[in-house]
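Report on one structure; see the data block that follows.
Laboratory data are not the source of any read-out in this text; all were calculated from the coordinates shown. If you're wondering where the values come from, they're calculated on a predicted model, not measured in any experiment. Because the Cβ atoms are built from the backbone with ideal geometry, glycine has one as well, and the counts that use them run over all protein chains shown.
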């Protein structure tokens with residue numbers, strides 16, 4: 001891949017799991033942030049590649065209203081538009097060709113923690129049931145919460161939307177209640193084998209910096 005292609009893949013990779021605000025890439029002070037960056041060193045290449053992906057229908061932009069107090073007023077708000085971008089189905093396919101994801105290693109985690117040590121709802125979704133079981137067993141270490149075993153409910157789904165642009169043919173879905181919990185180990189005291197396992201759960205695809213020519217001029 002040449003430098004331009006690497007930049008395009010990096011942009012796609014940013015938005016794999018959720019839409020991304022253009023404020024992370026460009027100034028947020030304009031309705032369409034890229035209007036203000038044409039003359040900035042290095043940013044013009046990023047902007048060109050962003051526009052190319054948009055023209056190819058690999059990404060789309062959304063304007064999201066946001067309330068913000070008007071200057072010099074009290075209690076009044078006006079809508080300020082925030083621009084986000086996300087992958088299309090075509091963009092997702094392009095990302096997959098390069099990133100080579102292993103969808104059986106992907107875990108969708110959702111926990112809604114309640115304050116004051118109260119019970120809260122959580123759920124895990126993955127195409128690999130064994131991975132879910134391991135993740136649930138180590139939940140205090142990875143999420144600082146303890147799953148209440150008597151609340152676990154299992155479901156399966158077909159043609160499931162695992163990410164906003166990606167569907168999987170079959171997944172396992174565990175829902176449960178959790179309470180705050182302390183990890184077995186603190187800081188860097190966890191054993192190496194656990195760090196290796198934990199790293200493997202987040203290494204379900206090639207990262208852009210793992211690709212040939214990353215960092216080269």
So if I average 1/r over every pair of distinct C-alpha atoms in region 141-201 and take the inverse, what Kirkwood radius in Å does that give? 14.3 Å
Of the peptides 119-125, 17-23, how do they stack up when ordered by the mean number of other Cβ atoms within 10 Å, highest first? 119-125, 17-23
The Cα radius of gyration of region 103-183, divided by 2.2 N^0.38 Å with N its residue count, comes to 1.10
